[in-house]
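Bear in mind that the values in this text are calculations on the coordinates, not laboratory data. Worth saying up front: this structure is predicted, and the values here are computed from it rather than measured. Because the Cβ atoms are built from the backbone with ideal geometry, glycine has one as well, and the counts that use them run over all protein chains shown.
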Amino acid sequence: MKIFKDGGHRLLEKDPETAEVVSQMLLDLEKNGMDAVRKYSKQFDDWNPDNFELGEKQVDEAIRQLDPQIIRDTDFCQANVRRFAEAQLKTLPPLETEIRPGVILGHKHIPVKSVGTYVPGGRYPMFGSAQMRIIPAKVAGVENVYTFTPPVKGTGYYPATINAIKKAGADRIFVLGGVPAFAMMAFGMGVIEPVDLLCGAGNKYVAEAKRQLFGRCGIDLLAGPTEILVIADDSADPSWVACDLLGQAEHDPNSGAALICFSETFATRCEREVGKQLQTLPTRDVAAVCWQNNGRIYIADNQEEAVRLSDDYAPEHIEIHTQNTEYYLKNLRNYGSLFLGPETTVAYGDKCIGTNHILPTSRSARYTGGLWVGKFLKTVTYQRMTPAASKLIGEVTERQCRVERMLAHAVTAEIRVERYSLPENASSK
């Protein structure tokens, strides 16, 4: 393995200064409720409407402003996301099995009752995020989905975002951004019920708010800047590889962009292509900084080393531009989502192919996958037994409890052994 270009490491680190700011804001928001919400919304977004929640007339008016093609395209994207979520749900049937005569165990999946989702604004109005959060929740059976999106500073909201939120199935829509939005979702503040699960990404203050609110409610995951890793052999088109690397680099100066290839010739061609494309890229002010600071190129000796390097990087997205894509599908372990062959690209997954774009970053793909319909379900177990089985299990349980010196536990087993040892209670029915 040779390092052709090393842009450093990507880490999701806790920033003490940000943590302190968010902690004080959350304390204020919990104590002072909507008064604090209005204070921060006005301070940060110049936004202080009579009501942060949009009514049906406002939603309809926002949708009427849109070009019909935008509406049709959003419907197309959301149909794909919905179909895939429904297919995922079908892989999660309930389970019941008799592990021994009369010992019946099972599990079932119960949707959480309420979810708070956040559709970010910021540098880009990423309205496609709406379906990634809302649709899987509704397919899972979540009763109440509350969706928040930040205002366009001082002016209102982005109509395409409101359309996407409405079509995805949100039950209530609020125009409110940042830490106050997450505080309202978590605390309720007399406006909504406190949610069971928070979903959504934003700036470092949003990420920190989620970190601090975890435990009071669940979260989807803690997301850092986006990442792409491309594995390409010499059959790949360097201009396509460079294009796809820059496609993610435009997200954020702190995004990660890496290439694993197999020859110095190909590495050189790709780096030249990146430089060439940056000259005319409209978002080069962001993408160029990202590539300069965080871009990496590795030259691997073989496929096995490419897999080892990729699994160590554990990226959010991997694209495979090689003749043998199946090898990587079979052998890669650590990633958020895998794009096989030049026919597909990360932008397809980000926008409309149907898989979810809320994915693990900062090497968290080593231990978790991305958001999916199962995230909104609690898998709970149950058990039932016949009297004869209870006697058998009770005898072992009693002995185990006494070894552990948990005598009250032992008694709960002992009384059942005694009861079900009586002839009239020994039936297995």
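A few points about this structure:
- Fully extended contour minus Cα-Cα distance, from E17 to Y124, at 0.36 nm per residue: 36.0 nm
- With Cα atoms, 0 to 90° folded angle of helix 178-187 axis to the chain main axis: 10
- Protection proxy ranking of 57-67, 332-342, by the mean of other Cβ atoms within 10 Å over each peptide's residues and highest first, is 332-342, 57-67.
- The angle between the Cα long axis of helix 284-294 and the longest principal axis of the Cα atoms of the chain comes to about 60 degrees, rounded to the nearest 10.
- Counting neighbouring Cβ atoms within 10 Å and putting the fewest first, the residues E208, E143 line up as E143, E208.
- For H357, H321, H109, order by how many other beta-carbon atoms lie within 10 Å, fewest first: H109, H321, H357
- Of interest is the spacing of the C-alpha centroids, which for the range 371-403 and the range 84-157 amounts to 28 Å.
- Kirkwood estimate for the range 197-349, i.e. one over the average of 1/r between Cα atoms, Å: 16.2
- Model label zone, S239; criterion: amide N under 17 Å from point 7 Å along Cα-to-beta-carbon; scope the range 339-364: 342-343
- Share, in percent, of DSSP beta bridges within the chain that are antiparallel, nearest 5: 35
- C-alpha center-to-center spacing [the range 168-223, the range 226-243] in angstrom: 36
- Column: log10 I(q)/I(0), Debye, Cα scatterers of the range 386-425, q = 0.35 Å⁻¹: -1.08
- Computed on the chain, the Cα convex hull volume stands at 203 Å³ per residue.
- Net lengthening on full extension, E326/D6 (0.36 nm per residue, minus Cα-Cα): 112.4 nm
- Cysteines without a disulfide-compatible partner [the chain; Cβ-Cβ under 4.7 Å]: C199, C217, C243, C261, C270, C290, C401
- Calculated [θ] (222 nm, deg cm²/dmol) that DSSP helices of n ≥ 4 give over the chain, each run adding -39,500 (n - 2.57): -14500 deg cm²/dmol
- Summarising the label geometry, the points placed 7 Å from Cα in the beta-carbon direction at E96 and E424 lie 3.0 nm from one another.
- Relative contact order (%) - criterion: Cα under 8 Å, at least six apart; region: the chain: 20
- The listed peptides 366-378, 179-191, ordered by packing as a protection proxy, come out as 179-191, 366-378 (highest mean of other Cβ atoms within 10 Å first).
- In sequence order, the range 62-77 has phi-based couplings of 4, 5, 5, 6, 8, 4, x, 5, 4, 5, 5, 5, 5, 4, 4, 4 Hz under the Karplus curve 6.51 cos²θ - 1.76 cosθ + 1.60, θ = phi - 60°, and Gly or Pro positions carry x.
- Amide H contacts under 5 Å for F4, placed H, 5+ residues apart: I297, Y298, I299
- Spatially proximal lysines relative to K108 (Cα-Cα < 17 Å; intrachain offsets below 8 disregarded): K90, K375, K378
- Acute angle (nearest 10 degrees) that the helix 238-249 long axis makes with the longest principal axis of the chain, alpha-carbon atoms: 70
- Only aspartates and glutamates eight or more places from K39 in sequence, or on another chain, were considered; those with a Cα closer than 18 Å are D28, E30, D50, E53.
- Computed from label points 7 Å out along Cα-Cβ, the spacing between T280 and L105 is 6.3 nm.
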